[in-house]
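Undergrad: Below you will find the structure I want to go over with you.
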Amino acid sequence: MTSNAEAAEIFLSIADLLDLLGEKFKPEAYRRAARSIESLTEDLGAVAARGELRTIPGVGEAIAEKIEEYLKTGTIPYYERLKHEVPPGLVELMRLPGIGPKTARRFWVELGVEGPGELRDAIAKGRLNGLKGFGEKKIEQIRSALGDPAAAPKGGRRPIEEVYPIARGLVAGLRKGADVEQVEVAGSFRRCRETVGDLDILVTSKDPARVFDVFTGLPLVAEVKMRGGTKETVLLQDGLQVDLRVVKPEEFGSALVYFTGSKDHNIRLRSLAQDQGLKVNEYGVFRGDVRVAGATEKDVYASLGLAWIPPELREDRGEIDRAAQGKLPVLVAPTDLRGDLHVHLPPDARAELVDRLVADARARHLEYLGVVVAGPAPDGTTWTLSKDTRERLGTPGRSSLRLFRVLEVGFGEIPPALASVEHDYRILRPTLAAPGPSAGTKATGPSLLIAHVGSSVVSDGRALAPWLEVARTLGTALEVGPGAERLDSSAARQALESQRRLHLPTGVGGPTDDPTGAIALGFAHRAAATAHEVVNARPAGELSIGAAGPPRPPEGRSHGRRKARPGTTRAA
DNA sequence: GCCGTTTTCGGCCCGACTGTTTTCAGTCG
């Protein structure tokens, strides 16, 4: 069994091992290839079958060859060889905070230390004393990293929906307590990646010291790891690391670009700048010593001849070329959403709850709601909305809000208990088993279907394919957003590539701090979805879920495909 | 190892911070 994720893992491991062997540029080359492979929307095998491995950014002759080996045999001889050269414990050492490849390598070469246990011994025996570059503090730092496994997680990403309320809380705390002008959470959080490793918060303020004081005093903050003049790093109580940076107003835009990333996007921006005789860093865009942009992101991109690029697209997947050509897609905006076809109410919903839902929908200028009137309860039984609730929903007063009745069912026959429930639309909630050949064929009838497919099913590109086929046959849209039952952004991109429309949940009627709607929109942006490709961006009278127009090509490098050099088959 | 529409060789992002340093190396993001 091979997979993109596993291949990416292997290349990351190769990079670590090369680091430990003291290689200079190869590790970064392997990491870049790993990042590209990981963000691929297509199975590596399929790319290889077309002979297009080398169109993947960062994949050249040598790595393409290794991918072929991996696909054929499930392993890479070069990797196996490296593993024999480097003791496995060294990789563990390198993952400890404060120890990088150079330091781990020195322990290995100079002290014969091959892992955490041996390093602990070496420290206890005083073998680090007198070693050049190792003073008391450094040794103590390493000792505590070795003794404290909780200090180890350099990695450990968590789902964005989990981090969302934390980020909001921190921003609110800063706004309330300190004299801050602009505040923005950057990093992969801003790009709305499915998982977030840490938070990067940028602020402008006339009083940085006060900002740090306020921040340190926030209840969520457990420990200050580092504090300088412009930057503070803290650990929250749950272990999440947060970097706070105070920047000057004239630098805010360039800092935001820089810290929003992605890394590959930034690298490409800089090389584009170099071509134009410009230099980009977090302080601005410079021609010589003259700042030509920096205060806003728009200025920064404009100074490079680019349209502003939405954060969710900044992954070096051709967005920079598109921005240069003025061909960026117009992404679906919150104001494009005209309804929400997937709203749940408990069967015994109190009147206030129903009224609040309707009021919230109006406040958001939604034109219609699809309320689930019947469906499966968590205990496996079925439930239907109470008569009271239905009547209350059915009398939206003078508002023009239109209501649809939605039935939520699995694939196949409608259960007898629900057969008599009147409905306008259906939501299909597939079981986690792969759909069979005849799955869903009975689910015809009312015009509009939304599949509620688990991303646990679809996280692997190949597992999604049969679902997309079913969705195509039935003409359903697919719901995108956070949580195990919706498509993540990569699955959403594939759905769009197979001409499916998306449904975006809005969180209407839910708690005000519910991030579902914002994250769903972010995922849709990562998939480069336009309003035309979102079913609930259509007016109530024109709801149709069929194909979203002409097929879109898979994303990739847009700047021409490089031809493989003939006759230069050099090994790594 | 990758990359390039001025390059097939010679670059490879770059700055803050820390600790150990009389000028810098390593880590981190």
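The values are calculated or read from the model by the stated rules, or taken from the named source; none is laboratory data. Because the structure is predicted, anything quoted here is derived from the model rather than measured. Methodologically, a virtual Cβ is constructed for each residue, glycine included, from the backbone with ideal geometry; neighbour enumeration extends over all protein chains shown. In case anyone asks, the SASA skips ligands and DNA or RNA and just uses the protein heavy atoms, side chains included. Shrake-Rupley method; radii C 1.70, N 1.55, O 1.52, S 1.80 Å.
Undergrad: Any idea how many residues of segment A:59-78 are buried (at least 17 other Cβ atoms within 10 Å of the Cβ) and more than 16 Å from residue A:31 (Cβ to Cβ)?
TA: 4
Undergrad: Of the residues that make up segment A:143-165, is at least one without any contact (Cβ under 8 Å) to a residue 24 or more places away in the chain, in a helix (DSSP H, G or I) and within 10 Å of DNA strand B (Cβ to nearest atom)?
TA: No, segment A:143-165 contains no residue that is without any contact (Cβ under 8 Å) to a residue 24 or more places away in the chain, in a helix (DSSP H, G or I) and within 10 Å of DNA strand B (Cβ to nearest atom).
Undergrad: Exactly one condition in (1) in a loop (DSSP other than H, G, I, E, B); (2) small (Gly, Ala, Ser); (3) modelled with pLDDT under 90 is not met by residue A:374; state its number.
TA: Evaluating residue A:374 over (1) in a loop (DSSP other than H, G, I, E, B); (2) small (Gly, Ala, Ser); (3) modelled with pLDDT under 90 leaves (1) as the failure.
Undergrad: Determine whether residue A:535 is open to solvent by less than 10 Å² (accessible area, probe 1.4 Å), modelled with pLDDT under 75 and more than 16 Å from DNA strand B (Cβ to nearest atom). Steps first, please.
TA: Working: open to solvent by less than 10 Å² (accessible area, probe 1.4 Å): yes; modelled with pLDDT under 75: no; more than 16 Å from DNA strand B (Cβ to nearest atom): yes.
Answer is no for this residue.
The rows are residues; the columns are (1) open to solvent by 40 Å² or more (accessible area, probe 1.4 Å); (2) touching a Cys at 6+ places or on another chain (Cβ under 6 Å).
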{"position": "A:307", "(1), (2)": "yes, no"}
{"position": "A:312", "(1), (2)": "no, yes"}
{"position": "A:331", "(1), (2)": "no, no"}
{"position": "A:335", "(1), (2)": "yes, no"}
{"position": "A:350", "(1), (2)": "yes, no"}
{"position": "A:353", "(1), (2)": "yes, no"}
{"position": "A:367", "(1), (2)": "yes, no"}
{"position": "A:370", "(1), (2)": "no, no"}
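Undergrad: Condition check: touching a residue at least 12 places away in the same chain (Cβ under 8 Å) and out of contact with any strand residue (DSSP E or B) (no Cβ under 6 Å at 6 or more places or on another chain). Does residue A:225 satisfy that? Reasoning before the result, please.
TA: Details: touching a residue at least 12 places away in the same chain (Cβ under 8 Å): yes; out of contact with any strand residue (DSSP E or B) (no Cβ under 6 Å at 6 or more places or on another chain): no.
So residue A:225 does not fit the description; no.
Undergrad: Based on this model, can you work out whether residue A:112 counts as on the phi > 0 side of the Ramachandran plot and at pLDDT 85 or above? I'd like the intermediate steps shown before the answer.
TA: On the way: on the phi > 0 side of the Ramachandran plot: yes; at pLDDT 85 or above: yes.
Yes, satisfied.
Undergrad: Filter segment A:266-314 for residues that are farther than 22 Å from residue A:203 by Cα, more than 15 Å from DNA strand B (Cβ to nearest atom) and assigned to a loop (DSSP other than H, G, I, E, B) and give the result.
TA: Correct list: A:306, A:307.
Undergrad: Give me a count of the residues in segment A:67-110 that are farther than 22 Å from residue A:33 by Cα and within 14 Å of DNA strand B (Cβ to nearest atom).
TA: 17
Undergrad: Next question, about the same structure. Do you know which residues across segment A:37-58 are assigned to a helix (DSSP H, G or I) and free of Cβ contacts under 8 Å to residues at least 60 places away in the same chain?
TA: A:37, A:38, A:44, A:45, A:46, A:47, A:48, A:49, A:53
Undergrad: Going by the conditions given, is residue A:50 more than 9 Å from DNA strand B (Cβ to nearest atom) and closer than 22 Å to residue A:528 by Cα?
TA: Numbers: more than 9 Å from DNA strand B (Cβ to nearest atom): yes; closer than 22 Å to residue A:528 by Cα: no.
Answer is no for this residue.
Undergrad: Hand me the list of helices (runs of 4 or more DSSP H) wholly inside segment A:414-503 holding 3 or more residues that are closer than 18 Å to residue A:193 by Cα and either at pLDDT 70 or above or hydroxyl-bearing (Ser, Thr, Tyr) (or both).
TA: Qualifying helices (runs of 4 or more DSSP H): A:489-497.
Undergrad: Here's another thing I want to ask about it. Can you pull out the strands (runs of 3 or more DSSP E) entirely within segment A:213-265 that have at least 2 residues that are surrounded by 15 or more Cβ atoms within 10 Å (Cβ to Cβ) and within 14 Å of DNA strand B (Cβ to nearest atom)?
TA: A:231-236, A:241-247
Undergrad: Go through A:206, A:176 for me and flag whichever is away from DNA strand B (no atom under 12 Å from the Cβ) and at pLDDT 90 or above.
TA: A:176
Undergrad: Would you check which residues across segment A:114-142 are touching a residue at least 24 places away in the same chain (Cβ under 8 Å) and polar (S, T, N, Q) and list them?
TA: Matches in segment A:114-142: A:141 only.
Undergrad: Now, a different point. Looking only at segment A:179-192, which residues are under 24 Å from residue A:486 (Cα atoms) and more than 14 Å from DNA strand B (Cβ to nearest atom)?
TA: A:192
Undergrad: Let me ask something else about it. Quick one: which of A:249, A:311 is touching a helix residue (DSSP H, G or I) at 6+ places or on another chain (Cβ under 9 Å) and either outside the structural domain of residue A:527 (by TED's automatic domain parsing) or at pLDDT 90 or above (or both)?
TA: A:311
Undergrad: Filter segment A:27-50 for residues that are touching a Leu at 6+ places or on another chain (Cβ under 6 Å) and more than 17 Å from residue A:9 (Cβ to Cβ); which is surrounded by the most Cβ atoms within 10 Å (Cβ to Cβ)?
TA: A:47
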